[in-house]
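Taking it in order: structure first as structure tokens, then the write-up.
The values are calculated or read from the model by the stated rules, or taken from the named source; none is laboratory data. Quick caveat: nothing in here was measured; it's all calculated off a predicted structure. Don't worry about glycine lacking a Cβ; one is built from the backbone with ideal geometry, like all the others, and counts go over all protein chains shown. Heads up: the accessible areas ignore ligands, DNA and RNA and are worked out on the full protein's heavy atoms, side chains in. Shrake-Rupley method; radii C 1.70, N 1.55, O 1.52, S 1.80 Å.
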Amino acid sequence: MTELGATIAASLARVALANVSREYPRKLDHLLLAAPGELAPRRVHPAFFGAYDWHSAVHMHWLLARLLRLYPELPEGQAIEAVLNEHLSEEALQRELAYFTSPSGKTFERPYGWAWLMELQAECLRAGNARWTGALAPLAGLLAKRFAGFLAASPYPIRAGTHANTAFACVLGLDYARVSGDTSLSEVIADSARRWYSHDANAPLAYEPSLDDFLSPALLEAVLMKDLLPEPEFAKWLAGFVPGGFAALSAPPNPADRTDPKQSHLDGLALSRAWCFRRLGYAELAETHLAHGMPHVAGGDYAGAHWLASFAALALGERP
């Protein structure tokens, strides 16, 4: 399979570096409880003001941290480190924390942005950078507790192919929990996944995708259950969940207009499917989707360019 090599890593790094300091255009998501105050992105979110929206800024920072860990000798390495030192400073993260503890921040970016912030912390923990992990720890800890409470209080999962999908958030949250040693969060994720998904059968694969999907509800549910169940139990569950396998998802999605923010999601769907297929052991399907999505990661319209590189990095895996 295609792997994340130094050449691709450098290309992704250049995309991410251009994004995380680009303040405009910016999509605002803010709950107004009184007359609006100062909402300039850099003032409200000094760490994650770039890349069009908050969650995209977070996972572009994750991408930079990941590339620097895997390829510390990249020509872009010094620029990556400088940006992360500036944006992941204690002062900047304290202001981000203040927003989340304000009335407007109670459900801000739930659960997608929460999960990516936890995954950013997991990546910094893997890198062993105490400066970044120390600054991120208060916010990551707060969102981990909120995420656990959200899962425990939710009688049903969210099966959307977009940001609200609970399986995707749980996959990232579980990674954070295991890397950080948060056993309480691990247990809540495991309990919630079993409660929601253990009796699922005959997944409606023919209903995928919807026009703005960038995630596959069925594939992500399978990835999460694979992460949680012993192999014999998972094999039995998967046989009931997709009795005919994933052949119905073998054709990559094709957007008609990549300048449309919703349709551009479909390129991300090709990449996230590739990531899931790879984790589930479907190498050929993973490669087909990866080849379909990669040409649109860099150089295209900003509707896709502000976020696709992160999903390319997921799909490419970690091995040089």
- request: Using the heavy atoms of the protein chains and a 1.4 angstrom probe, tell me the accessible area per residue for the chain in square angstrom.
  value: 41 Å²
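If you wrap a convex hull around the Cα atoms of segment 125-231, how much volume per residue is inside, in Å³? Write out the running numbers ahead of the final one.
Details: hull volume 12.9 nm³, N = 107.
Expressed per residue, the convex hull around the Cα atoms of segment 125-231 is 120 Å³.
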statement: With the 8 Å Cα cutoff and a minimum separation of six or more residues, segment 101-197 has a relative contact order in percent of 35 percent
Residue of H30, H59, H296 that the Gaussian network model of the chain assigns the largest fluctuation, springs spanning Cα pairs under 10 Å: H30
query: If each of E3 and L32 carries a label point 7 Å out from its Cα toward its Cβ, how far apart are those two points in nm?
result: 5.3 nm
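Let me spell out the model: positive unit charges on the Cβ of Lys and Arg, negative unit charges on the Cβ of Asp and Glu, origin at the Cα centre of the chain. What dipole size does that give, in debye rounded to 20? Write down the numbers at each step before the final one.
Values: 27 positive and 34 negative charges, 78 e Å.
Computed about the Cα centre, the dipole is about 380 debye.
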query: Who wins for biggest fluctuation among L266, L33, L64 in a Gaussian network model of the chain, springs between alpha carbons below 10 Å?
result: L33
Debye intensity ratio in log₁₀ form over the Cα atoms of segment 199-244, taken at each q of 0.27 Å⁻¹: -1.00
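Enter the per residue convex hull volume of the chain, computed from alpha-carbon coordinates, in Å³ rounded to the nearest integer.
Values: hull volume 40.9 nm³, N = 320.
In the chain, the Cα convex hull volume per residue is 128 Å³.
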query: Setting aside same-chain residues fewer than 8 positions from K236, which aspartates and glutamates have a Cα under 17 Å from its Cα?
result: D200, E221, D227
message: Please enumerate, by chain and number, the lysines with C-alpha under 27 Å from the C-alpha of K262, excluding those fewer than 8 residues away in the same chain.
response: K27, K106
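So if R0 is 51 Å, what FRET efficiency would Y99 and A291 give, r being the distance between their Cβ atoms, rounded to the nearest 0.05?
The calculated FRET efficiency here is 0.80.
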field: Most positive-pole-ward Cα, Y71, G240, L12, against dipole of the chain from beta carbon charges
entry: G240
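With a cut-off of at most 10 other beta carbons within 10 Å, and DSSP calling the residue loop, which trypsin sites (Lys or Arg not before Pro) in segment 92-126 qualify? Please list them. Present the calculation step by step, with values, prior to reporting the outcome.
Working: sites: R95, K106, R126; in loops: K106.
Taking segment 92-126 and a limit of 10 other Cβ atoms within 10 Å, no loop trypsin sites (Lys or Arg not before Pro) are found.
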- line: segment 1-65: relative contact order from alpha carbon pairs under 8 Å, six or more residues apart, as a whole percent, is 40 percent
